[in-house]
1. Please go through the stretch 50-92 and pick out each residue that is part of a loop (DSSP other than H, G, I, E, B), modelled with pLDDT of 95 or more and hydroxyl-bearing (Ser, Thr, Tyr).
2. Please verify whether the stretch 114-136 includes one or more residues that are open to solvent by less than 10 Å² (accessible area, probe 1.4 Å), assigned to a strand (DSSP E or B), in contact with a helix residue (DSSP H, G or I) (Cβ under 6 Å, 6 or more places away or on another chain) and touching a residue at least 40 places away in the same chain (Cβ under 8 Å).
3. Name the single residue, out of those in the stretch 4-18 being touching a residue at least 40 places away in the same chain (Cβ under 8 Å) and part of a loop (DSSP other than H, G, I, E, B), that is nearest to Ser34 (Cα to Cα).
4. Would you mind finding the one in Tyr29, Tyr51 that is within 23 Å of Asp79 (Cβ to Cβ) and either of a type in the set (A, V, I, L, M, F, W, C) or open to solvent by 50 Å² or more (accessible area, probe 1.4 Å) (or both)?
5. Counting only residues that are within 22 Å of Phe43 (Cβ to Cβ), buried (at least 21 other Cβ atoms within 10 Å of the Cβ) and of a type in the set (A, V, I, L, M), how many does the stretch 62-107 have?
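The values are calculated or read from the model by the stated rules, or taken from the named source; none is laboratory data. All figures in this text were calculated on a predicted structure; none of them were measured in a lab. So basically every Cβ, Gly included, is an ideal-geometry build from the backbone, and we count neighbours across all protein chains shown. With ligands, DNA and RNA removed, areas are computed over all heavy atoms of the protein, side chains included. Shrake-Rupley method; radii C 1.70, N 1.55, O 1.52, S 1.80 Å.
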Amino acid sequence: TIIDDDQAAYSTSWTDFATQGYQNNGVHYPSSPSAGQTAIWTFDSISLGDYFVYVSWSTHPNRTATAPFKLTYDGGTLDKNVNQKKLADQTTDGASGQWSGWYLLTTIKVKLNTSSNLTLTTVDNTGGNDFVIADEVLLVPAVSPNQVWVDKSFAQNGENNGHIWNYDAFDVIQSAVN
């Protein structure tokens, strides 16, 4: 399930930049440089269950290195800072306006319900080099797949035809061969 940045609730005025982000369908950034503004994605239309949560953004040298995400889920909260100057692998610098790829926010599966949400909060950007970018959120059920895709053009930060890799498919394939 992909929850678009247009579906997020914004605490103040955020600008829609229409030609960046996932599939170049737009991202949002705060219209003023003050800290504490929020974008909140709610998960009110999902089925109760265990999920992995991914986020994305568009990169640029003027992005923050500490975009603070807070995931509220059934059983707790998870706080994670993400470097939005980098691609989803968090080591590669992205080109100006490049889509980050999917960043796995939760390294453990979390139980989500209809009151779960994800909040992104702005940091002080008075210097103009700490923009926080709101883009898509991807919720992937934490279940073993019944299909495995082999993608000869797989790229760590690419769209990979929409397939998300969160398990070692090759171990599964090898065990079946054995």
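1. Within the stretch 50-92, Ser56, Thr59, Thr64, Thr66 meet the criteria.
2. yes
3. Ala8
4. Tyr29
5. Counting residues in the stretch 62-107 that are within 22 Å of Phe43 (Cβ to Cβ), buried (at least 21 other Cβ atoms within 10 Å of the Cβ) and of a type in the set (A, V, I, L, M) gives 4.
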